[in-house]
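Scroll down for the structure; my scribbles are underneath it.
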Amino acid sequence: MPLQKTFDEIISLPWNLKEECERLQRLDDDFIVQLTRELDVHLREINKISDSTIKEEGLTFCRSFICRLIQNLTKNLPVKEEIIKLLDFVKLENKGVVKEKVLKFNEVFKLEYSEQAIVQEVNDLFA
């Protein structure tokens, strides 16, 4: 699914920790599957915890940690910085904008691709 919002739009969303955490809740089994898939395969061991209170405390901690991480990223990630704004070229909405941002990205990170090669690649991508 393509990114539907710019970094500026994402950062300006009202990230109320409690409300967002409640809205983004998954059922325990689905949450464990996602933790295992996205973070670490060893997290599947959570399913082996027989004491339901301890298991729930662990899952609550994980949910809270992830929500705090998202909230802190939205507050502290330097999305106003030019380099970060360059990364939204992956939306591929406008050929001219994509060319401009990829060329700047190439310049900033010294990837050493020729401007002509980049322009040709972007043109081919939008063909």
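Please treat every number below as a calculation from the coordinates, not as lab data. Computed from a prediction, not measured in an experiment: that's the story for all the values here. Every residue, glycine among them, receives a Cβ derived from its backbone with ideal geometry; neighbour counts consider all protein chains shown.
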### Message
What FRET efficiency comes out for residue 117 versus residue 73 if R0 is 25 angstrom and r is the Cβ-Cβ distance? Round to the nearest 0.05.
### Response
0.15
### Task
Could you compute the FRET efficiency for residue 92 and residue 19, with r as their C-beta to C-beta distance and R0 at 22 Å, rounded to 0.05?
0.10
## Note on the structure
From fewest to most C-beta neighbours within 10 Å, the residues 38, 121 line up as 38, 121
